[in-house]
1. Of everything in region 112-170 that's touching a His at 6+ places or on another chain (Cβ under 6 Å) and surrounded by fewer than 22 Cβ atoms within 10 Å (Cβ to Cβ), which residue is nearest to Asn324 (Cα to Cα)?
2. Looking only at region 318-341, how many residues end up being part of a loop (DSSP other than H, G, I, E, B) and either over 20 Å from Arg301 (Cβ atoms) or at pLDDT 95 or above (or both)?
3. Only residues in region 51-63 that are assigned by TED's automatic domain parsing to the domain that holds Val30 count as the first member; pair them with residues that are of a type in the set (Val, Ile, Thr) and part of a strand (DSSP E or B), Cβ under 8 angstrom, at least 6 apart or cross-chain, and list the lot.
4. Hey, among Leu52, Leu56, which residue is at pLDDT 95 or above and surrounded by fewer than 18 Cβ atoms within 10 Å (Cβ to Cβ)?
5. Would you check if Lys366 is basic (Lys, Arg), modelled with pLDDT of 90 or more and in a helix (DSSP H, G or I)?
6. Go through region 114-138 and give me each residue that's in contact with a strand residue (DSSP E or B) (Cβ under 7 Å, 6 or more places away or on another chain) and either free of Cβ contacts under 8 Å to residues at least 24 places away in the same chain or of a type in the set (Asp, Glu) (or both).
7. Does at least one position in region 235-249 carry a residue that is under 30 Å from Glu365 (Cβ atoms) and without any contact (Cβ under 8 Å) to a residue 40 or more places away in the chain?
8. Given Asp132, Asp126, which one is among the charged types (D, E, K, R), in a helix (DSSP H, G or I) and not assigned by TED's automatic domain parsing to the domain that holds Pro327?
Amino acid sequence: MTATSQRMLLSGNHAVAWGVKLSRPQVIPVYPITPQTPILEKITEFVTDGELDAELITPESEHSAIAASITASLTGTRVFTATSSQGLLLMHELLHYGAGVRSSIVMFNVNRTVASPWGFWPDQTDSLSQRDTGWVQIYTESGQESLDTVIQAFKIAEQINLPTMVNHDAFYVSHAMEAVDVPSQQTVDAFLPPVNMAHRLDPDIAQSVGSNAVQQTYRRARQDLGEAMDRALTVKMEVADEWEKISGREQHGGIVEAYRCEDAELVFVTLGSMCGTVREAVDLMRNAGRAVGLLKVKLFRPFPIDIIREALSAVPDVIVLDRNFSPGLGGILHQEVRSALYGTEQPPQLYGYLAGAGGVNVSPEKIVEYADGIAASAPSPKSIWI
């Protein structure tokens, strides 16, 4: 904890709300949905008490919330919104639009199962199914990481003019209480200056958005969006390094985090809250003399292909654990890692397990069983229900 921070007992969602408050957004359109609602409730409390000077908009749906977010961002204001599950799916049409017009929205999504059947458990299919919309996607493991990442997300989005989505798991993170170091307003102000976007609707700037385009113009716009997404890799690392220096909390480069991977013969790869469980399992296996590690993926879009390849280049066996399911494909992270490793000289034996889909609890002991089981099985391009 730095001298300018305050330690608080917060749920993951309230940690997000504190990160939003300290980032000073000017417009906040949000529609409540379980299990995101505590974010909206806490932000409403901040606005009502005069601790956050922002225009809080509570429209009739998530579709309207993202529409208001896009238009507000295009006027050059700092914008935040939040949602979960079906709410994110209802936004889908306009997620493409928000990226296409190069808005700089920051959204927090609480990962939850999608219907049907109806459920409220942690599952990342909601956000991973939006991977082609042009939004930067970041996944966090804890309330502390969510707070830190929200603050960084505003700086990333406003530097590259692309909307940025931060995600954490329902209940395992969103409602779990932990000690969180909340930085001072002065610390965040030093890191995140007032918004000043060159790309905005302004009578003094000759720009328009959303007009009809011929094929070549559309193609060029998509190329520009792709180049901005590529820049997000470098910007994310720079912003994470800067936040590490100012906050005193290690950010591990902000892209991936390797845990006990130096001499590992088996590495688990996963996203979000499952990383904490895998970390505990890794310690159990290390104590038993087994060379096992964890590669935690933080940045999913843009997918850090070169970093993944380098991290896994000398590893004989890799197990990818997915808390999601794409029907007809399998585990989304499994297939992304498989694609990244394609063409490497000596790719690892790659196993994909649908271990946490639907919010199923996965214990450290179960992860040890996964490691034990690969000796008796062969790698498959398909993800395996386990």
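The values are calculated or read from the model by the stated rules, or taken from the named source; none is laboratory data. Here the structure is a predicted model, which is why all the values come from computation and not from measurement. Virtual Cβ from ideal backbone geometry, glycine too; neighbours counted across all protein chains shown.
1. Of the residues in region 112-170, the ones touching a His at 6+ places or on another chain (Cβ under 6 Å) are 133, 140, 146, 161.
Those still in the list that are surrounded by fewer than 22 Cβ atoms within 10 Å (Cβ to Cβ) too: 133, 161.
Numbers: Thr133: 18, Asn161: 29 Å.
That would be Thr133.
2. First, the residues of region 318-341 that are part of a loop (DSSP other than H, G, I, E, B): 322-325, 327-329, 331.
With the extra rule that they be either over 20 Å from Arg301 (Cβ atoms) or at pLDDT 95 or above (or both), the set shrinks to 322-325, 327-328, 331.
Counting residues in region 318-341 that are part of a loop (DSSP other than H, G, I, E, B) and either over 20 Å from Arg301 (Cβ atoms) or at pLDDT 95 or above (or both) gives 7.
3. Ala54/Val27; Ala54/Ile28; Glu55/Val27; Glu55/Ile28; Leu56/Ile28; Ile57/Val27; Ile57/Ile28; Glu62/Thr83
4. Values: Leu52 fails: surrounded by fewer than 18 Cβ atoms within 10 Å (Cβ to Cβ).
Answer to the selection: Leu56.
5. Numbers: basic (Lys, Arg): yes; modelled with pLDDT of 90 or more: yes; in a helix (DSSP H, G or I): yes.
So Lys366 fits the description; yes.
6. Within region 114-138, Asp123, Asp126 qualify.
7. No, every residue in region 235-249 fails to be under 30 Å from Glu365 (Cβ atoms) and without any contact (Cβ under 8 Å) to a residue 40 or more places away in the chain.
8. On the way: Asp132 fails: in a helix (DSSP H, G or I).
None of the others qualify; the one that does is Asp126.
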